[in-house]
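**Q** The structure's right below; bear with me while I get my questions together.
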Amino acid sequence: MSDPMSVSAGCAVSENTQGKPRLRIGMFVHLDLPWMAHPFFTNSFKIRTRKQLETLLQLDLGRVRIDPARSDPEPEELPPVEPEIDAEARDQLRADLEASLWEEKNARIRVLKERRKRLNLCAKRYRQSVVLARKLMSHLRSAPAQAAEEADVLVSQMVEDLTADHEATVQLVNLKSQDENTYHHAINVMALALVAGRKLRLDPDTLRLLGLAALFHDLGLQRIPSQILHKKGDWNKPERALYEQHPRYGVEIARSIGTLPEAVVEVIGKHHEHIDGSGYPEGLNGNALGMLTRIVSVVNRYDNLCNGARSGRGLSPHQAVSSMYTKERARYDPRVLTTLITNLGVYPPGTVVRLDDERIAVVISINPDALLKPNVLVYSPEIPNDQALILDLSEEEASIRESLHQSELTEDIIEYLNLSDKLSYYVQSGSGKGR
């Protein structure tokens with residue numbers, strides 16, 4: 001941001017005799033006030049309407065900072081002088097304008113509170129799903145019938161959410177503590193796979209099989225030593241060879257359980273195979289890979305790129321989508337990959353972005369009809385973080401300038417936006433968009 005210059009808040013729009021710049025429509029201003037001490041929705045904004053200008057002029061600010069770089073050029077001709085009105089009428093007009101702005105601000109605050117309530121509910125359901133996933137995995141050998149029933153409950157609820165609302169989409173769930181990474185990964189892959197499957201018009205019964213397959217796809221990791229799974233740095237050849245056997249181990253475990261459908265077992269064994277034959281453990285090509293396998297292989301790769309346990313620094317969601325499309329798309333069913341990207345958006349949930357007005361935000365969900373204009377949670381240090389702004393960019397005069405990696409952020413921003421090293425996703429119905 002360029003160095004701001006100060007102007008008097010009480011000046012008229014035209015230049016005064018001292019040559020100081022005066023507030024006018026088109027200026028980008030910053031108010032050095034608590035957020036609830038003024039009727040504007042943010043502390044930094046461009047003056048776009050006469051209503052905003054008049055309200056600024058009457059606020060007891062002393063001085064207002066402006067940013068010339070983000071202000072519109074000063075017009076060559078001054079706006080026409082408005083007819084003089086008496087002081088009482090002028091005061092009433094300004095009071096009416098301020099009251100109107102306050103009503104707009106309070107209405108938007110009510111919408112934000114409702115949206116945050118829905119997001120918190122989504123996060124709560126995610127946590128419940130992780131707990132249930134851990135529980136049912138522990139029952140797989142000792143009580144397989146019970147585990148199958150618990151898995152069906154978990155998957156069926158998400159399928160119901162998807163089929164009940166055609167606008168259901170992927171939601172970022174901000175969680176600081178993610179100790180059970182295996183189960184988080186399973187829930188992430190299930191959520192992403194089901195959204196892709198819904199968009200690919202799979203029927204509810206097939207979606208249920210897809211959800212179960214996504215939930216159990218890494219079953220074979222139970223036989224991989226933890227020192228290999230959690231090793232820092234690259235594997236040696238024997239370690240990698242052992243890891244690449246986990247799909248086979250998963251099939252063996254699934255067969256011994258005896259309650260998982262054959263379609264689910266197939267995905268467990270083939271979720272690392274690619275349509276170009278470059279995958280493992282068998283090097284199968286597309287002719288041997290069914291649609292459920294094709295879906296799970298794509299979303300599994302995406303979540304591994306973002307949340308890779310061994311890398312220490314996963315890719316940002318935007319980088320992951322870009323990498324899969326530009327470098328790896330020959331490996332995947334093009335229809336599935338395109339569907340995933342379309343439903344994650346150009347800036348997937350979890351992407352940290354810089355807006356064109358320099359504000360930093362994290363994408364929390366997409367707008368299916370405006371992929372470049374997602375819903376974002378904005379870093380606004382003047383606002384308490386439990387009341388942080390959630391903006392629908394399709395309804396705002398703001399757009400995304402660039403995506404950022406978490407390593408580019410200060411600790412204050414990371415803490416405010418509640419960013420975690422791991423990303424978590426869940427299904428949110430259209431009614432949760434806060435519109």
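**Q** What is the packing order of peptides 127-133, 113-119, 345-351, taking the mean over residues of other C-beta atoms within 10 Å and listing the highest first?
**A** Top to bottom by mean Cβ count within 10 Å: 345-351, 127-133, 113-119.
**Q** Let me ask another. Using 28 Å as the Cα-Cα cut-off, could you pick out the over-long pairs in K113/K373; K124/K231; K135/K237; K327/K373? Could the numbers behind the result be given before it?
**A** Numbers: K113/K373 21 Å; K124/K231 31 Å; K135/K237 34 Å; K327/K373 25 Å.
In this structure, K124/K231; K135/K237 lie more than 28 Å apart at Cα.
**Q** Mind checking which of A191, A145, A213 has the largest fluctuation in a GNM of the chain, springs on alpha carbons under 10 Å?
**A** A145
**Q** Roll a 1.4 Å probe over the protein chains and send me the accessible area per residue for the chain in Å².
**A** Per-residue value: 48 Å².
**Q** Can you tell me which lysines have their Cα less than 22 Å from the Cα of K51? Leave out same-chain residues fewer than eight positions away.
**A** K105
**Q** Ranking request for peptides 381-392, 225-236: highest mean number of other beta-carbon atoms within 10 Å first, then the rest in descending order.
**A** Details: 381-392: 15.7, 225-236: 10.9.
In decreasing order of mean packing, 381-392, 225-236 become 381-392, 225-236.
**Q** On to the next question. May I ask you to list the GluC sites (Glu not before Pro) in region 221-326 that are in a DSSP loop and have at most 14 other Cβ atoms within 10 Å of their Cβ?
**A** Working: sites: E239, E244, E252, E262, E266, E273, E282; in loops: E244, E273, E282.
Answer in residue order: E282.
**Q** Using the alpha-carbon atoms, what tilt in degrees (0 to 90, nearest 10) does helix 204-216 show relative to the longest principal axis of the chain?
**A** 80
**Q** What trypsin sites (Lys or Arg not before Pro) does region 262-332 have in DSSP loop regions with at most 11 other beta carbons within 10 Å? Kindly include the intermediate steps, with their values, before the conclusion.
**A** Values: sites: K270, R294, R301, R310, R313, K327, R329, R331; in loops: R310, R313.
Sparse-neighbourhood loop trypsin sites (Lys or Arg not before Pro): R313.
**Q** Just from its helices, what would the mean residue ellipticity at 222 nm be for the chain, if runs of 4 or more DSSP H residues each count -39500 (n - 2.57) and the sum is divided by every residue, rounded to the nearest 500 deg cm²/dmol?
**A** -14500 deg cm²/dmol, from helical runs alone.
**Q** Continuing with the same structure: Considering only protein heavy atoms and a probe of 1.4 Å, how much of the accessible area of the chain is carbon and sulfur, as a whole percent?
**A** 49
**Q** Next question. How tilted is helix 87-139 with respect to the longest principal axis of the chain? Cα atoms for both, answer in degrees (0 to 90, nearest 10).
**A** Compared with the principal axis, the helix lies near 10 degrees.
**Q** Which of P368, P238, Q227 sits closest to the plus end of the dipole of the chain, meaning its Cα is farthest towards the positive end, when Lys and Arg get +1 and Asp and Glu get -1 on the C-beta?
**A** P238
**Q** Let me ask something else. Between 0 and 90 degrees, rounded to the nearest ten: what's the tilt of helix 181-199 against the longest Cα principal axis of the chain?
**A** 80
The values are calculated or read from the model by the stated rules, or taken from the named source; none is laboratory data. These figures come from a predicted structure and were not determined experimentally. Heads up, the Cβs are rebuilt from the backbone with ideal geometry, glycines too, and the neighbour counts pull from every protein chain shown. What goes into the accessible areas is simple: the full protein's heavy atoms, side chains included, and nothing from ligands, DNA or RNA. Shrake-Rupley method; radii C 1.70, N 1.55, O 1.52, S 1.80 Å.
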